[in-house]
Amino acid sequence: MRRLRALRWTTAVPLLAAVLLALTWGTKPPTVVLVLVAAVLAGAVLAAVHHAEVVAHRVGEPFGSLLLAVAVTVIEVGLIVTLMVSGGHDTSTLARDTVFAAVMITCNGIVGAALLVAALRDGVARFGAPGTTTALATIATLATLTLVLPTFTTSTPGPEFSGSQLAFAAIASLALYALFVFVQTVRHRDYFLPEREGGSDPEVHAEPPSDRTALVSLGLLLVALVSVVGLAKIESPAIEDAVASIGAPQSAVGVVIALLVLQPETLAAVRNARRGRVQISLNLAFGSAMASIGLTIPTLAVASIWLDPPLVLGLGSTEIVLLAITVLVGAMTAPLGSATLQQAGLRLVLFAAFLFLAVVP
């Protein structure tokens, strides 16, 4: 009976979210409707996590983590391009702000929360050093090529790439991401598997779902993710008003929206950490960061042919410092294959610093 009830709500909520998205898209709903949108958005996030776990259980790891990260990122990229096409000059930094926010949220917020939960559970959070180190190195390289170098190049004024530089960054990003996916899923798949399967957790050791169940969950997962991103966009005017009322910069809107969009990965990562599957949590977090860069920049490089606003990618000095210390802290932990409450606290403090400085730059 419990499984039947879970099946019913996890099926109904994504469909309800899709209907609500269709009814409210392109409108300015009143406050009452915005409250309903927020409630349904939260339910769609929970449903997305459920269906992602069903699909992951069927296809196995690390394919399940990769699927969720790529699915969210593809939808997020579509939203960025749509906003840049219709938003005018004010959207010139939207891609940079969104990608940087995704990196900081995943590498500090999600990783910090997962390590905290796992360390509280077992004393020490354990994960595979080779896979984690490889992922972190890839993120550091991608972020430097696409977000740091534009600040220092001299071919064009301002923190922008020239056409040829943007093409190189796009090709390099896509190549590095594709190479990582090959290493993660084929060549060194064992580096990205959990060292233990969560003890006596019945969900971990249950029989995999049937092909039909997995396909239904895949479809509902995509519906839920589209609805999450779309409903977050519906909420954006209210978010913009709230940001303006406290005197925060416009870039803070992108941070709030990124927090909403990344909720499925956050919840999935924390749930896996509670089961002792820290490596899966890290796969989700780092995979989302890599996909955000490796898929967004190539797409925008092509879309920039038709985009009116300039594509500003270079970070400011504050953001570069935050990125550098994030990579440094990760590089000092990843090779160890374990983390304590201290390492979790470091990441969560960096995440808090990122949020604070996004509001008070």
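The values are calculated or read from the model by the stated rules, or taken from the named source; none is laboratory data. All values derive from a computational prediction rather than experimental measurement. Please note: Cβ atoms are built from the backbone with ideal geometry, for glycine as well, and neighbour counts cover all protein chains shown.
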Q | Those helices (runs of 4 or more DSSP H) lying entirely in the stretch 1-116 with at least 3 residues modelled with pLDDT of 85 or more and farther than 19 Å from Ala273 by Cβ | A | 2-24, 31-59, 94-104
Q | Subset tally (residues that are hydroxyl-bearing (Ser, Thr, Tyr) and under 17 Å from the mean Cα position of the chain (by Cα)) for the stretch 110-137 | A | 1
Q.
I'd like the full set of residues that are more than 21 Å from Pro310 (Cα to Cα), in contact (Cβ under 8 Å) with a residue 60 or more places away in the chain and outside any helix (DSSP H, G or I), limited to the stretch 157-195.
A. Leu193, Pro194, Glu195
Q. Under the condition of being in contact with a strand residue (DSSP E or B) (Cβ under 8 Å, 6 or more places away or on another chain) and part of a loop (DSSP other than H, G, I, E, B), which residue from the stretch 327-361 is farthest from Ser245 (Cα to Cα)?
A. Gly337
Q. With respect to Val181, is the statement that it is among the β-branched types (Val, Ile, Thr) and modelled with pLDDT under 90 true?
A. no
Q. Any residue in the stretch 275-295 that is without any contact (Cβ under 8 Å) to a residue 40 or more places away in the chain and buried (at least 19 other Cβ atoms within 10 Å of the Cβ)?
A. no
